[in-house]
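Single-structure report; data block below.
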Amino acid sequence: GWPIVAAGPCLVDDLEAALYSSKLCSYAQGFSLIETAAAEKGWELDPSELARIWKGGCIIRAAILDDIRVAVRRREAPGDNILFDAGL
């Protein structure tokens, strides 16, 4: 079986950071896929607006979408990966 480990503050902080990072990677991948499809289909989408809509009216409603919305606006070019944003 698995050894029992006491979850100290450091472990909890590390797990929280890992969860945040995994969520951020998922959103970055999703936005990249949406932007690629939009370019191929000729759709005019505003990723920042998508994040706002999802935050306010979708089951997602994750607070991280506020940070993502800011990161999308700061990108130098559409399609730039939001993971490189210093604010995230």
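The values are calculated or read from the model by the stated rules, or taken from the named source; none is laboratory data. Because the structure is predicted, anything quoted here is derived from the model rather than measured. FYI the Cβ positions are ideal-geometry reconstructions off the backbone, even for glycines, and counts take in every protein chain you see. Surface areas here come from the heavy atoms of the whole protein model, side chains and all, with no ligands, DNA or RNA. Shrake-Rupley method; radii C 1.70, N 1.55, O 1.52, S 1.80 Å.
Between the C-alpha center of segment 11-54 and that of segment 62-88 there is a gap of 9 Å. If R0 equals 30 Å, the separation of the Cβ atoms of D13 and L45 corresponds to a calculated FRET efficiency of about 0.25. The distance between label points at D66 and K23 comes to 1.2 nm (points 7 Å beyond Cα on the Cα→Cβ vector).
Keeping every protein chain in place, order Y27, Y20 by accessible area at 1.4 Å, biggest value first, i.e. largest first. Please report the intermediate quantities before stating the final value.
Values: Y27 40, Y20 80 Å².
If we order Y27, Y20 from most to least accessible, we get Y20, Y27.
Within the accessible surface of the chain, defined with a 1.4 Å probe on protein heavy atoms only, the carbon and sulfur portion equals 59 percent.
So for the chain, what percent of the C-alpha to C-alpha distances run longer than 21 Å? Please list the in-between numbers first.
On the way: 1510 of 3828 pairs.
Tail of the P(r) past 21 Å holds 39 percent of the pairs.
Taking all protein chains as they are arranged and a probe of 1.4 Å, the heavy atoms of K55 leave approximately 60 Å² accessible to solvent. Dipole magnitude for the chain: computed about the Cα centre from +1 point charges on Lys and Arg Cβ and -1 point charges on Asp and Glu Cβ, it is near 220 debye.
Out of every Cα-Cα pair in segment 17-61, what percent are more than 15 Å apart? That fraction is 53 percent. Each label was represented as a point 7 Å from its Cα along the Cα-to-Cβ direction; for R52 and L33 these points are 2.5 nm apart. Largest accessible area first, the listed residues D85, D80, D14 line up as D14, D80, D85 when surface is computed with a 1.4 Å probe on the assembled protein chains.
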